[in-house]
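*Asks:* Let me begin by handing over the structure; questions about it come next.
The values are calculated or read from the model by the stated rules, or taken from the named source; none is laboratory data. Since the model is a prediction, treat every value here as computed from it, not as a measurement. Neighbour counts are summed over all protein chains in view; Cβ atoms, including those assigned to glycine, are modelled from backbone coordinates with ideal geometry. Quick note on the areas: whole protein, heavy atoms, side chains included, nothing else; ligands and nucleic acids left out. Shrake-Rupley method; radii C 1.70, N 1.55, O 1.52, S 1.80 Å.
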Amino acid sequence: MRGAVRPGFLTRNSKGEMMRAPRQEAIFLGIPALTVWLSLAGSPARAEDAALAGSVAVPVASQLGTTPESGEAGEASGQDKQGAAPESGRAVPPDASGTAAGPPAPNPGVEEAAAQPALPPVNAALEAALEARSGSQDALGLLHRREREAIAAFYALRDFAPLWWSDGKPNTEVASVILRLQHAGDDGLDLKSFPRNLSPVTDEEIASADLALTDAVVAYGRQASGSRVDPHVISRLIGEEPEVAEPAVILALVASAGEGAGDELQKFNPPQEGYAALREKLLELRHGRSADSPEIPAGPVLRPGMRDRRVPLIRARLSLDDSADSEVEDSVYDTKVAAAVADFQKANGLPPSGILTARTVAALSGGQTSRLEAEILANMERWRWMPRDLGEERIEVNIPDYEAAVIENGEVILRTRVVVGKEETPTPIFSDTMKFLIVNPYWNVPPSIIRKEMLPKLAGDPNYFSRLGYEVFTRAGHLVVRQPPGERNALGRIKFMFPNDFSVYMHDTPMRKLFASTKRAFSHGCVRVDDPFRFAETVLGQGWSEQRVKKLIGGKERYVYLPKQLPVHLEYFTAYVDQSGELQLRDDVYGYSHRVKAALGLEGQNPRSPAM
């Protein structure tokens with residue numbers, strides 16, 4: 001959303017000159033957020049402000065003529081473009097009729113500007129602070145240019161009144177907002193550059209503090225709702241779109257929430273239980289590390305048999321301090337300590353040598369993000385891509401877990417193994433709606449499979465298609481190959497349709513032995529279901545038993561529409577918390593988790609790191 005400014009707000013023209021010529025722009029908000037937003041602006045100070053409050057599409061600045069910084073009038077109607085008002089005391093030259101020319105025609109824009117009341121000092125200080133930073137980069141690295149422009153537009157609607165301070169004192173919301181910002185790391189957010197000490201006194205200090213708090217709130221809300229990582233950069237086969245909150249919506253909701261402002265800000269994080277469970281595991285991991293991790297001093301590399309004063313600290317850190325050895329023996333870096341160090345190294349993405357290196361010391365002291373912590377954070381970030389409302393009744397397919405689940409009223413009512421796409425032909429990540437299923441489906445072979453796999457075989461075997469029972473014909477000049485219904489059909493006896501841009505679906509398969517494998521990435525992108533008729537019974541609901549569905553098996557396609565369409569979510573979570581509360585970790589099948597960690601600036605791992 002482009003920022004906008006109040007009439008008279010300084011900006012720069014294409015030559016870099018300061019001008020008082022605001023842009024004609026509009027901000028679009030939903031009705032609830034708009035109502036809160038406009039209420040924050042208070043009573044309109046001018047007629048045009050009142051007009052702004054009457055429309056959902058809010059033009060935040062009217063179109064004015066370009067005027068120089070000095071505030072002189074722009075081109076008046078009917079005035080020569082090269083002409084100018086005469087200087088005071090200079091004779092007015094006669095016009096062509098010989099009579100003296102009258103004063104120039106009045107300029108409504110200038111009269112309106114002159115009639116505007118002066119801003120209160122703190123408002124003027126905020127306007128000046130916003131102007132001072134317009135066009136420059138954010139020194140703290142919290143916000144992008146468009147976000148800062150949106151903040152300027154928000155303040156302009158308020159005549160630059162402070163958002164968080166009134167009469168020199170902090171508003172009710174400030175304490176809880178600052179507390180939430182200080183705990184941003186609990187949700188994996190990066191607000192390290194947020195200024196913690198905000199105790200303004202003068203108008204200029206209040207303006208600076210107000211703007212700093214606004215920047216941090218917007219940064220939190222944007223990061224929490226998914227602004228940091230663009231899923232399409234991770235892979236073009238990720239169709240999820242994060243619902244990133246607009247700055248005006250964030251400010252309107254949080255700044256009007258009273259003592260609950262901090263909680264309101266936290267709500268921009270994903271609301272799903274899967275995210276909350278990972279967040280709890282992250283806090284447990286960090287708490288255990290901080291509680292049991294006194295800083296271990298730097299020192300020489302230690303190998304088994306060496307003595308060092310740091311060994312007791314290492315024993316305590318790795319819970320090996322229950323031995324009855326003497327103090328001298330405690331200082332020995334023995335094989336037991338080395339084995340525990342090797343286990344720690346393996347769990348944290350370090351070479352499991354058992355040798356105490358400088359990197360291992362840093363990890364033991366909490367000086368670097370552990371491999372496990374990075375994995376949790378990357379999965380929390382991927383939750384931000386998901387729809388905030390998954391649906392009370394839905395289907396979830398977690399690709400790295402090779403499993404599909406049907407969920408009803410928040411409870412899993414069916415789990416089934418699935419086969420997903422190979423590394424070179426990944427199953428896409430997206431959400432859509434299952435609408436119907438087809439019993440006895442034709443398999444219309446995708447052009448990519450025809451081109452890459454079938455045509456080379458046809459070159460060596462002219463009877464390849466007929467021998468395998470494929471039907472071949474042309475349609476609109478394109479070769480069409482399809483496999484009729486039957487036992488050998490690649491889709492088996494049934495497929496489940498949720499029409500989507502990726503042309504993938506769930507289906508049966510004649511290759512039943514693949515479900516016995518632990519790692520089941522074998523398909524061209526579609527999802528093969530282990531027990532398809534039980535799955536069909538579950539998604540169709542009452543009145544459709546497995547036996548009834550199986551009675552439809554034959555040689556003709558039969559369509560069955562779901563009585564209630566179900567949301568389908570093809571997901572990618574390499575870390576999740578199971579129903580017993582245990583953290584589960586899975587292989588990074590497609591390398592997406594590695595790319596997310598890299599995008600977040602976490603410790604880099606191997607793109608195909610094994611499950612831990």
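*Asks:* Of the residues ARG236, ARG133, ARG146, which single one is open to solvent by 30 Å² or more (accessible area, probe 1.4 Å) and at pLDDT 95 or above? Can you show your working first?
*Replies:* Numbers: ARG133 fails: at pLDDT 95 or above; ARG146 fails: at pLDDT 95 or above.
Among ARG236, ARG133, ARG146, only ARG236 is open to solvent by 30 Å² or more (accessible area, probe 1.4 Å) and at pLDDT 95 or above.
*Asks:* Going by what's in this entry, would ALA358 be described as open to solvent by 30 Å² or more (accessible area, probe 1.4 Å), over 19 Å from GLU284 (Cβ atoms) and of a type in the set (Gly, Ala, Ser)?
*Replies:* Values: open to solvent by 30 Å² or more (accessible area, probe 1.4 Å): yes; over 19 Å from GLU284 (Cβ atoms): yes; of a type in the set (Gly, Ala, Ser): yes.
Yes.
*Asks:* If you don't mind, another one. Return yes or no: is ARG520 charged (D, E, K, R), out of contact with any Pro (no Cβ under 8 Å at 6 or more places or on another chain) and open to solvent by less than 30 Å² (accessible area, probe 1.4 Å)?
*Replies:* Details: charged (D, E, K, R): yes; out of contact with any Pro (no Cβ under 8 Å at 6 or more places or on another chain): yes; open to solvent by less than 30 Å² (accessible area, probe 1.4 Å): yes.
The answer is yes for ARG520.
*Asks:* A further question follows. Looking only at the range 394-413, count every residue that is touching a residue at least 12 places away in the same chain (Cβ under 8 Å) and either of a type in the set (Lys, Arg) or in a strand (DSSP E or B) (or both) and tell me the total. Before the answer, list the steps.
*Replies:* Going residue by residue through the range 394-413, those that are touching a residue at least 12 places away in the same chain (Cβ under 8 Å) are 394-404, 406-410, 412-413.
Remaining after also requiring either of a type in the set (Lys, Arg) or in a strand (DSSP E or B) (or both): 394-398, 403-404, 406-408, 412-413.
Total satisfying the criteria: 12.
*Asks:* If GLY541 meets every condition in (1) within 35 Å of the chain's Cα centre (by Cα); (2) modelled with pLDDT under 95; (3) of a type outside the set (D, E, K, R); (4) farther than 17 Å from PHE436 by Cβ apart from one, which number is that one?
*Replies:* Of (1) within 35 Å of the chain's Cα centre (by Cα); (2) modelled with pLDDT under 95; (3) of a type outside the set (D, E, K, R); (4) farther than 17 Å from PHE436 by Cβ, only one is false for GLY541: (4).
*Asks:* Are any residues in the range 414-426 in contact (Cβ under 8 Å) with a residue 12 or more places away in the chain and open to solvent by 40 Å² or more (accessible area, probe 1.4 Å), and if so, which ones?
*Replies:* Passing the criteria: ARG415, ARG417, LYS422, GLU423.
*Asks:* So, one more: Could you identify the single residue in ALA362, ALA338 that is in a helix (DSSP H, G or I), at pLDDT 90 or above and on the phi < 0 side of the Ramachandran plot? Spell out how you get there, then give the answer.
*Replies:* Values: ALA362 fails: at pLDDT 90 or above.
Exactly one residue qualifies, and that residue is ALA338.
*Asks:* Do you know which residues across the range 523-559 are aliphatic (A, V, I, L, M) and surrounded by fewer than 17 Cβ atoms within 10 Å (Cβ to Cβ)? Spell out how you get there, then give the answer.
*Replies:* Of the residues in the range 523-559, the ones aliphatic (A, V, I, L, M) are 527, 529, 536, 539-540, 549, 552-553.
ILE553, the sole residue that qualifies.
*Asks:* For the range 406-413, state whether one or more residues are of a type outside the set (Val, Ile, Thr) and surrounded by 17 or more Cβ atoms within 10 Å (Cβ to Cβ).
*Replies:* To start, the set of residues in the range 406-413 that are of a type outside the set (Val, Ile, Thr) comprises 408-411.
Right, trim to surrounded by 17 or more Cβ atoms within 10 Å (Cβ to Cβ) and you get none.
No.
*Asks:* ARG228: surrounded by 18 or more Cβ atoms within 10 Å (Cβ to Cβ), out of contact with any Phe, Trp or Tyr (no Cβ under 8 Å at 6 or more places or on another chain) and of a type outside the set (A, V, I, L, M, F, W, C), yes or no? Steps first, please.
*Replies:* Numbers: surrounded by 18 or more Cβ atoms within 10 Å (Cβ to Cβ): yes; out of contact with any Phe, Trp or Tyr (no Cβ under 8 Å at 6 or more places or on another chain): yes; of a type outside the set (A, V, I, L, M, F, W, C): yes.
For ARG228, the condition - surrounded by 18 or more Cβ atoms within 10 Å (Cβ to Cβ), out of contact with any Phe, Trp or Tyr (no Cβ under 8 Å at 6 or more places or on another chain) and of a type outside the set (A, V, I, L, M, F, W, C) - is met.
*Asks:* Which ones in the range 536-585 are closer than 18 Å to VAL412 by Cβ, hydroxyl-bearing (Ser, Thr, Tyr) and part of a strand (DSSP E or B)?
*Replies:* Residue satisfying the conditions is TYR576 alone.
*Asks:* Give the residue, chosen from ARG512, ARG493, that is buried (at least 18 other Cβ atoms within 10 Å of the Cβ) and either charged (D, E, K, R) or free of Cβ contacts under 8 Å to residues at least 60 places away in the same chain (or both).
*Replies:* On the way: ARG512 fails: buried (at least 18 other Cβ atoms within 10 Å of the Cβ).
Going through ARG512, ARG493 in turn, the sole match is ARG493.
*Asks:* Can you list residue pairs whose Cβ atoms sit under 7 Å apart, with the first residue in the range 453-473 being free of Cβ contacts under 8 Å to residues at least 24 places away in the same chain and the second being open to solvent by 80 Å² or more (accessible area, probe 1.4 Å)? Count only pairs 6 or more apart in sequence or on different chains.
*Replies:* Listed by first residue and then by second, the contacts come to TYR464/LYS457; GLY469/ARG488.
*Asks:* Consider the range 157-203. How many of its residues are open to solvent by 10 Å² or more (accessible area, probe 1.4 Å) and more than 30 Å from LEU377 (Cβ to Cβ)?
*Replies:* 18
*Asks:* Of the residues in the range 367-384, how many are open to solvent by 30 Å² or more (accessible area, probe 1.4 Å) and not in a helix (DSSP H, G or I)?
*Replies:* Going through the range 367-384 one residue at a time, the tally reaches 3.
*Asks:* Moving on. For the range 427-485, name all the residues that are open to solvent by 60 Å² or more (accessible area, probe 1.4 Å) and either touching a Gly at 6+ places or on another chain (Cβ under 8 Å) or in a helix (DSSP H, G or I) (or both).
*Replies:* Answer for the range 427-485, where residues must be open to solvent by 60 Å² or more (accessible area, probe 1.4 Å) and either touching a Gly at 6+ places or on another chain (Cβ under 8 Å) or in a helix (DSSP H, G or I) (or both): PRO447, ARG451, LYS452, GLU453, LEU455, PRO456, LYS457, ALA459, GLY460, SER466, ARG467.
*Asks:* Scan the range 385-393 and give yes if some residue there is outside any helix (DSSP H, G or I), surrounded by fewer than 23 Cβ atoms within 10 Å (Cβ to Cβ), modelled with pLDDT of 90 or more and more than 22 Å from the chain's Cα centre (by Cα), otherwise no.
*Replies:* Yes, the conditions are met somewhere in the range 385-393.
*Asks:* Do the conditions hold for VAL596, that is, is it buried (at least 16 other Cβ atoms within 10 Å of the Cβ) and either more than 17 Å from the chain's Cα centre (by Cα) or of a type outside the set (A, V, I, L, M, F, W, C) (or both)? Walk me through it before giving the result.
*Replies:* Details: buried (at least 16 other Cβ atoms within 10 Å of the Cβ): yes; either more than 17 Å from the chain's Cα centre (by Cα) or of a type outside the set (A, V, I, L, M, F, W, C) (or both): no.
Criteria not met by VAL596.
*Asks:* Under 9 Å between Cβ atoms, at least 6 apart or on separate chains: pull out the pairs that start in the range 526-555 with a residue that is within 16 Å of GLU403 (Cβ to Cβ) and end on any residue that is assigned to a loop (DSSP other than H, G, I, E, B) and among the basic types (Lys, Arg).
*Replies:* Here the result reads ARG528/ARG520; PRO532/ARG493, each pair linking the range 526-555 to a residue that is assigned to a loop (DSSP other than H, G, I, E, B) and among the basic types (Lys, Arg).
*Asks:* Is there a residue in the range 255-262 that is closer than 26 Å to ALA340 by Cα and surrounded by 14 or more Cβ atoms within 10 Å (Cβ to Cβ)?
*Replies:* Taking the range 255-262 first, the residues closer than 26 Å to ALA340 by Cα are none.
No, every residue in the range 255-262 fails to be closer than 26 Å to ALA340 by Cα and surrounded by 14 or more Cβ atoms within 10 Å (Cβ to Cβ).
*Asks:* Kindly check whether there is at least one residue in the range 242-254 that is open to solvent by 40 Å² or more (accessible area, probe 1.4 Å), in contact with a helix residue (DSSP H, G or I) (Cβ under 7 Å, 6 or more places away or on another chain) and without any contact (Cβ under 8 Å) to a residue 40 or more places away in the chain.
*Replies:* yes
*Asks:* What are the residues in the range 121-168 that are without any contact (Cβ under 8 Å) to a residue 24 or more places away in the chain and more than 21 Å from PHE194 (Cβ to Cβ), if any?
*Replies:* SER166, ASP167
*Asks:* Checking PHE502 against (1) more than 30 Å from GLU571 (Cα to Cα); (2) of a type in the set (Phe, Trp, Tyr); (3) assigned to a loop (DSSP other than H, G, I, E, B), which single condition isn't satisfied?
*Replies:* Every listed condition holds for PHE502 apart from (1).
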